[in-house]
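Bear in mind that the values in this text are calculations on the coordinates, not laboratory data. Treat the numbers as computed from the prediction; the structure is a model and nothing was measured. With ideal geometry, Cβ positions are generated from the backbone for all residues, glycine too; neighbour counts draw on all protein chains shown.
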C-alpha cells in the first residue's frame, strides 16, 4: 500500500469504529463524501450510479463504513461497495420501535413530506444485498416511490428503484402521533430512561448500563420492544404500505 492509499484507510479517516462494538456511537461515523468501500479503505468514486447493483437508502449504521465492513467480513465477502452521498426529500430518520440485541435503539426511515436530508445510498450486488437483508431481521426492505421520496445524486440526477429498510414494529412518535426524529443514541436513551422508572428497572439508569444489559440479551430486548407498544409510544412510519421485497 503506497502512502496515498494509506491515507484512505478507515482508521486514517476516522471511520473504522462500528456501532456493533460501540453502541452509544450509533449510527456510527459517516463519510464526508461519496466513496468506494474496499475492505478497510474508502477510495474515491469515478461514477455515482451502478445499474448492475441495487440501490439502498441508508438511514442508520448501514452508512457507517466500519459497520458495513463487519457485515461483509462475517460472510467472507470482499467485493467493494459504492457509497453515494445523496440529497433526499420526503424521508426523515425516525426511531425504530424495537431494542436491538446489539445494544442500541436503531433508526428507521419515516415519510416526511418536505423534509430534506443528506443521506447515503449504498449500491449492493446480489451477494451483498443478501448479507445486509440477513442483518435486518426487524425490517422489511421496500421500494421507495419517486412521488414521495426524491433522491438526488451528487451530479443532480434523480435515482429510481431505491430501497429502504422499514421497521416491522413501527417507529416512536413525539407525543402526538407524529414520528419523531432520531437524535443520536446517547440523547435518545437518556431521554427514554429519564421518562420511565419501569424502563430504568429493566435497563439501568444510564445509557452505558442500557447498552450493557441489552447486548446479546434477546429476551430483555423483546421486553423493551413490548414496553414501547404497551406505553403507546409507537406509530406508523408512513411507509408500511409499500411493496415488500
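Details
- Of the criteria (1) out of contact with any strand residue (DSSP E or B) (no Cβ under 8 Å at 6 or more places or on another chain); (2) closer than 26 Å to residue 112 by Cα, which one residue 215 fails: (2)
- Residue check for residue 145: closer than 25 Å to residue 241 by Cα and either free of Cβ contacts under 8 Å to residues at least 12 places away in the same chain or in a loop (DSSP other than H, G, I, E, B) (or both): yes
- Residue ranges of strands (runs of 3 or more DSSP E) in segment 1-101 with at least 2 members surrounded by 15 or more Cβ atoms within 10 Å (Cβ to Cβ), in contact with a strand residue (DSSP E or B) (Cβ under 7 Å, 6 or more places away or on another chain) and at positive phi: none
- Unmet requirement for residue 215, which otherwise passes all of (1) surrounded by fewer than 18 Cβ atoms within 10 Å (Cβ to Cβ); (2) farther than 26 Å from residue 22 by Cβ: (2)
- Note on segment 165-201: among residues that are buried (at least 18 other Cβ atoms within 10 Å of the Cβ) and more than 19 Å from the chain's Cα centre (by Cα), the one that is nearest to residue 238 (Cα to Cα) is 192.
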